[in-house]
Structure formats: structure tokens, C-alpha cells
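Student: Following this message is one structure expressed as C-alpha cells.
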There are 2 protein chains.
Amino acid sequence: MWRVLILRRRGRGPWWHNRFEDFGVRVTEPREVVMEVLLDTEEHLTAADIYVRAHELNPAIGLTTVYRTLDILLQMGIVQKFDFGEGKARYELINNSQSKEHHHHLVCVQCKTIVDYYDFVDEELEFIRKTQDRLSDKYRFHIMDHVISFYGICEKCRMKSQE
Amino acid sequence: MWRVLILRRRGRGPWWHNRFEDFGVRVTEPREVVMEVLLDTEEHLTAADIYVRAHELNPAIGLTTVYRTLDILLQMGIVQKFDFGEGKARYELINNSQSKEHHHHLVCVQCKTIVDYYDFVDEELEFIRKTQDRLSDKYRFHIMDHVISFYGICEKCRMKSQE
DNA sequence: CATCTAAATGAAAATGATTTTCATTATCAA
DNA sequence: TTGATAATGAAAATCATTTTCATTTAGATG
């Protein structure tokens with residue numbers, strides 16, 4: 001009988017509440033707001049970006065808590081952290097239907113422009129799945145995500161250096 | 001006649017001297033030392049690591065110059081910059097026979113451990129070459145390098161969270 | 001519902017990597 | 001040799017992130 005009650009309780013609220021519970025952390029107001037911000041964007045946000053938006057929704061929230069929440073979400077596998085040489089990290093929800101599709105990056109080492117590309121995902125998927133399985137097995141990792149980035153020089157910079 | 005002289009001059013010294021010249025920057029003592037350090041290691045060094053070693057070879061060299069030199073080397077496509085969530089970048093010569101073989105990373109989002117893996121490079125190569133060609137073409141990038149990182153939870157952390 | 005304890009919080013300080021500033025020095029073409 | 005310009009190092013500034021710590025909150029328990 002209590003089992004039913006528990007199931008009902010677990011069923012309430014947004015999907016991430018259970019994830020928090022399973023991970024052994026509390027669902028709190030600031031964490032809800034950070035999730036809200038992440039769910040409501042299509043961009044890769046920095047911690048500061050998230051802070052600004054969260055702060056609009058609830059001025060009581062501090063930057064420190066944003067950082068702490070992001071770290072928890074990262075460990076839970078709910079967000080992905082990107083780090084492409086900007087000197088700051090960017091975060092994005094994984095599997096958020098609202099958010100961008102799965103994609104990777106093309107970075108110009110000269111002007112630091114970052115191009116998101118969505119191409120060739122099918123071929124990638126096959127390669128990634130195979131590699132991931134083998135790595136998981138060999139290194140006993142539970143792999144949740146991956147990042148592929150290409151580095152080079154964009155056309156504009158190439159032109160410039162030919163002058 | 002002077003053409004021969006110029007060719008001779010270009011032929012002198014280590015290979016990177018011409019690269020510097022072509023890129024329009026001078027070959028200087030501090031830059032030589034940074035190159036020396038990079039050529040002589042198999043690790044991914046941080047700017048601070050490089051500074052310490054360069055400083056041993058020539059105490060006149062400053063950290064600022066190390067940063068500046070690394071940025072130039074990056075733009076020239078001589079070094080690769082890695083950025084895996086440590087809060088600092090790591091640098092490694094590209095195509096340095098001394099240096100580590102081509103490899104990628106497995107990052108534990110919980111304990112932040114980074115595992116280098118060298119496996120499955122052949123399958124990767126095929127996938128990468130194909131993708132790279134198509135991206136170069138479509139986005140008009142001259143692609144010089146790529147990074148693949150997998151994120152997950154290592155066995156140790158998985159055990160810990162099951163307690 | 002009141003109470004208690006551990007978890008969570010925010011502000012401020014600390015840290016640490018990287019960048020900027022600026023006065024000085026080194027390079028190299030003329 | 002010299003003059004213009006690039007490169008340098010030290011110190012200060014910047015900026016992202018983390019730590020500290022006193023206070024508040026969630027939620028289990030009585």
C-alpha cells in the first residue's frame with residue numbers, strides 16, 4: 001500500500017525531481033530555477049549567462065549556487081559541459097527536445113570563431129557507438145556523452161594571411 | 001644569385017624557423033626555448049609547466065612570453081591546445097615524433113580523472129578523414145586537427161555512489 | 001505541527017589562469 | 001650604424017571558478 005503512495009509521489013513534478021532524488025540531493029528552489037533556465041534555451045550558456053537569467057527569475061540566487069548546481073547536473077549526466085578554449089565553460093542540457101540537436105564544433109584557432117555543425121551525424125553515430133562500447137568495456141567507464149571538435153583556420157583568416 | 005643565398009639561408013636551422021618566417025614573426029631566443037621544451041616532452045604541458053622548464057633553460061624568460069608564444073604556435077598549427085575542464089589549457093606539439101601518439105580522452109565527470117586512450121585509432125582515422133574532408137569543403141575550413149573526448153563515470157566513482 | 005540535523009545557500013574572500021599595460025630591449029632591413 | 005618596429009618581462013588587471021563560513025532551508029522524526 002505505501003508502495004503505491006511512493007510511486008505516486010515519485011511520479012509528481014517534473015522528470016528531473018526523481019533524478020535528483022536518486023542522486024541523493026535535494027530539489028531546491030535555486031536548483032529548480034537553474035533547470036528552468038536550461039530547459040528554456042537553445043544556446044550553450046556560460047555559468048554567468050545562467051546566473052543572469054536565474055537572477056531575473058529569482059534575485060535571491062547566487063552565482064556560487066549556479067556553479068554548484070551545474071556541477072551536480074554534470075555528475076548526474078543531465079548537462080554537458082563544453083570547453084573550447086574561451087577560458088570559460090559552457091553548459092547545455094543533454095537530450096533536451098527544446099535544445100539544439102546533437103552537434104559538434106569547428107574552431108578557428110586564429111579568430112576563435114566557433115561553428116556548430118550538424119552534418120554527418122549518422123556516420124558518426126555508428127563510429128561513436130562502436131568506440132564507446134569498446135572503451136566502456138576496456139576502461140570500465142559508464143560513458144554518457146562525447147565531444148568532437150575540429151580545429152583549423154577559417155576562410156576569412158586564410159584570406160587575411162595571404163595579403 | 002641572391003636567390004641561392006636566400007634558399008640557403010632558409011635551409012639553415014631547425015624546421016620551425018621557416019614556419020616562423022612564413023608566418024611573419026621573428027625567431028627569438030624565448031621562442032626557441034619554448035620550442036625546445038615542447039620538442040623534448042611527451043606530456044601535455046600547461047603554460048605554467050612550460051614556463052618552469054623554459055625558465056630552467058633561460059631564467060630571463062617570462063610567463064607572459066610563454067603565453068604569447070603558445071598562441072602564435074597555435075595559430076601556426078604547430079601546437080594543439082587541449083581544454084578538458086581542468087580550468088587550464090594544455091599544449092602539445094602536433095606531429096612531433098618525440099611526443100605521444102595520437103590519442104583521445106575519457107573524462108570522469110565525478111572525480112575529474114582523465115584517461116588517455118590509444119585504441120581504435122584505425123577505425124577512427126577512416127571516420128575522421130571522411131568527416132574532415134566534408135567539413136573542410138562545406139565550411140571552407142582548413143582543418144588541422146581534432147579532439148575527441150568521452151565523458152562518463154569511472155568504476156571507482158560508480159562503486160562509491162552505490163554504497 | 002514543532003523540532004532537529006544535515007544539506008544547501010549566498011556573500012565575500014581566495015585562488016589561479018590568462019591578458020593587458022607599459023616602459024625597455026632586441027631584431028633586422030636599409 | 002641606425003631607425004622603425006616587433007618582442008619582451010614585470011606588474012597590474014581581469015575574469016572564471018572555488019573555498020570559507022555564518023546563516024537558512026528541507027524534510028525526516030517525534
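Student: Just to be sure I understand, how many residues within region B:15-36 are more than 14 Å from every other protein chain (Cβ to nearest Cβ) and within 7 Å of DNA strand D (Cβ to nearest atom)?
Tutor: Going residue by residue through region B:15-36, those that are more than 14 Å from every other protein chain (Cβ to nearest Cβ) are B:15-18, B:26-36.
Subsequent filtering for residues that are within 7 Å of DNA strand D (Cβ to nearest atom) retains B:26, B:28-31.
Result for region B:15-36: 5.
Student: Could I ask something else about it? Identify all residues within region A:116-163 that are more than 30 Å from residue B:21 (Cα to Cα) and more than 9 Å from chain B (Cβ to nearest Cβ); write none if there are none. Before the answer, list the steps.
Tutor: To start, the set of residues in region A:116-163 that are more than 30 Å from residue B:21 (Cα to Cα) comprises A:116-148.
Within region A:116-163, A:116, A:118, A:121, A:122, A:125, A:129, A:133, A:137 qualify.
Student: Continuing with this model, one more query. From the list A:112, A:81, A:138, A:130, pick out the single residue that is among the charged types (D, E, K, R), within 15 Å of the chain's Cα centre (by Cα) and open to solvent by 50 Å² or more (accessible area, probe 1.4 Å). Lay out the reasoning, then the answer.
Tutor: Details: A:112 fails: within 15 Å of the chain's Cα centre (by Cα); A:138 fails: within 15 Å of the chain's Cα centre (by Cα); A:130 fails: within 15 Å of the chain's Cα centre (by Cα).
Of A:112, A:81, A:138, A:130, the one residue that is among the charged types (D, E, K, R), within 15 Å of the chain's Cα centre (by Cα) and open to solvent by 50 Å² or more (accessible area, probe 1.4 Å) is A:81.
Student: Answer yes or no as to whether residue B:64 is farther than 23 Å from residue B:89 by Cα and within 9 Å of DNA strand D (Cβ to nearest atom).
Tutor: Numbers: farther than 23 Å from residue B:89 by Cα: no; within 9 Å of DNA strand D (Cβ to nearest atom): yes.
Answer is no for this residue.
Student: Here is a further query. Name the single residue that is least open to solvent (accessible area, probe 1.4 Å) among those in region A:16-34 being without any contact (Cβ under 8 Å) to a residue 24 or more places away in the chain and within 18 Å of the chain's Cα centre (by Cα).
Tutor: Step one: of region A:16-34, the residues without any contact (Cβ under 8 Å) to a residue 24 or more places away in the chain are A:17-18, A:21-22, A:24, A:26-28, A:32.
Remaining after also requiring within 18 Å of the chain's Cα centre (by Cα): A:17, A:32.
On the way: A:17: 39, A:32: 55 Å².
Here the residue is A:17.
Student: Let me ask something else. Restricting to region A:52-78, and then to whatever is out of contact with any strand residue (DSSP E or B) (no Cβ under 7 Å at 6 or more places or on another chain) and open to solvent by less than 20 Å² (accessible area, probe 1.4 Å), can you tell me which residue is modelled with the lowest pLDDT?
Tutor: Quick first cut of region A:52-78, residues out of contact with any strand residue (DSSP E or B) (no Cβ under 7 Å at 6 or more places or on another chain) only: A:52-69, A:71-72, A:75-76.
Filter once more, keeping what is open to solvent by less than 20 Å² (accessible area, probe 1.4 Å): A:54, A:61, A:66, A:69, A:76.
Working: A:54: 95, A:61: 95, A:66: 97, A:69: 97, A:76: 90.
The extreme case among them is A:76.
Student: Tell me, which residue of region A:37-51 that is at pLDDT 95 or above and open to solvent by 40 Å² or more (accessible area, probe 1.4 Å) is nearest to DNA strand D (Cβ to nearest atom)?
Tutor: Among those residues, the one meeting the criterion is A:48.
Student: Which residue is nearest to the other protein chains (Cβ to nearest Cβ), if the candidates are limited to region B:48-78 and must be away from DNA strand C (no atom under 13 Å from the Cβ) and not basic (Lys, Arg)?
Tutor: Top of the filtered list is B:77.
The values are calculated or read from the model by the stated rules, or taken from the named source; none is laboratory data. Not measured: the values here are computed from a predicted model. Positions of Cβ are backbone-derived with ideal geometry, glycine not excepted, and every protein chain shown enters the neighbour counts. Please note that ligands, DNA and RNA were not included when accessible areas were found on the heavy atoms of the full protein model with its side chains. Shrake-Rupley method; radii C 1.70, N 1.55, O 1.52, S 1.80 Å.
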